[in-house]
Amino acid sequence: MAAAVGAGAKPWIKIAAICGSLLEDSCTRGLIRSAIEISKSSIPGVEIEHVEIGELPMLNTDLEGEGNFPPVVEAFRQKILAADSILFASPEYKYSVSAPLKNALDWASRTPNVWGDKAAAIISAFGGSGGARSQYHLRQIGVFLDLHFINKPEFFLKALEPPAKFDKNGNLIDAQSRENLKQVLLSLQAFTLRLQGR
């Protein structure tokens, strides 16, 4: 990656943001939209790309053919490979990660595993637990994938507690939550550069 311009500027890092919810107006997607906005406005050296997973077929190794992946899968894998780090926005479904997210994790872990040695962070918005159970499960999956998650700060947003955290379109409007999200991104930036020895 090219270095950021300016004296004392940090090198650029590219973050692939993955949303575990396929709903257009979900709070989970709202977190990613806010992360992109925050990075553009107040975190020099960070570029976040939202990488869609909704078009990925269900994992079926018969689709791989002669060591090749379906085009949509290969395009997804290349975006993960090109990223310096990963931002997961993980809803909680039945105490775990969503089926679309698990499917994406599995496709990108097929040999060669393109998740390996990347820094990662998890954010979530949910009811009672704020998505904590899905985050802990994702961390367990990440051990096999050779992902390196930041430990702190954690971001579990209890989306239903007043005052309102999101507007009717799923956009994050709570100022403190936006600041907390910014701190996650700063931590991910610093950890990524540390892992890469930059």
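Ala104 satisfies every condition listed in (1) in contact (Cβ under 8 Å) with a residue 24 or more places away in the chain; (2) within 24 Å of Glu24 (Cα to Cα); (3) out of contact with any Leu (no Cβ under 7 Å at 6 or more places or on another chain) except (3). With respect to the conditions (1) modelled with pLDDT of 95 or more; (2) closer than 23 Å to Glu24 by Cα; (3) in contact with an Asp or Glu (Cβ under 9 Å, 6 or more places away or on another chain), Asp146 falls short on a single one, namely (2). If you check Ala132, Ala159 for being touching an Asp or Glu at 6+ places or on another chain (Cβ under 9 Å), surrounded by 14 or more Cβ atoms within 10 Å (Cβ to Cβ) and within 30 Å of Met58 (Cβ to Cβ), only one passes: Ala132. Residue count for segment 25-63, restricted to those that are more than 19 Å from Ile123 (Cα to Cα) and either among the β-branched types (Val, Ile, Thr) or touching a residue at least 60 places away in the same chain (Cβ under 8 Å) (or both): 2.
Annotation note: Cβ proximity below 8 Å between a residue of segment 64-91 that is polar (S, T, N, Q) and a residue that is in a helix (DSSP H, G or I) and surrounded by fewer than 15 Cβ atoms within 10 Å (Cβ to Cβ) (sequence gap 6+ or interchain) occurs for Asn68/Glu74. If you filter segment 137-146 down to residues that are of a type outside the set (A, V, I, L, M) and surrounded by 16 or more Cβ atoms within 10 Å (Cβ to Cβ), you find that the one that is nearest to the chain's Cα centre (by Cα) is Gly142.
Among the residues making up segment 154-198, those that are more than 22 Å from Gly116 (Cα to Cα), of a type outside the set (D, E, K, R) and part of a loop (DSSP other than H, G, I, E, B) are Ala159, Leu160, Pro162, Pro163, Ala164, Asn169, Gly170, Asn171, Ile173.
Candidates in segment 53-83 are the residues that are loosely packed, with under 14 Cβ neighbours inside 10 Å and in contact with a helix residue (DSSP H, G or I) (Cβ under 9 Å, 6 or more places away or on another chain); of these, the one that is nearest to Gly30 (Cα to Cα) is Gly54. Filtering segment 101-124 for residues that are in a helix (DSSP H, G or I), surrounded by 20 or more Cβ atoms within 10 Å (Cβ to Cβ) and in contact with a Gly (Cβ under 7 Å, 6 or more places away or on another chain) leaves a non-empty set. If I filter segment 158-179 for residues that are closer than 19 Å to Lys94 by Cβ and out of contact with any strand residue (DSSP E or B) (no Cβ under 6 Å at 6 or more places or on another chain), do I get at least one hit? Yes, that holds for at least one residue.
The values are calculated or read from the model by the stated rules, or taken from the named source; none is laboratory data. Bear in mind the structure is a predicted one, so any value in this text is a computation, not a measurement. When we count neighbours, we look across all protein chains shown, and the Cβ atoms used for this are built from the backbone with ideal geometry, even at glycine.
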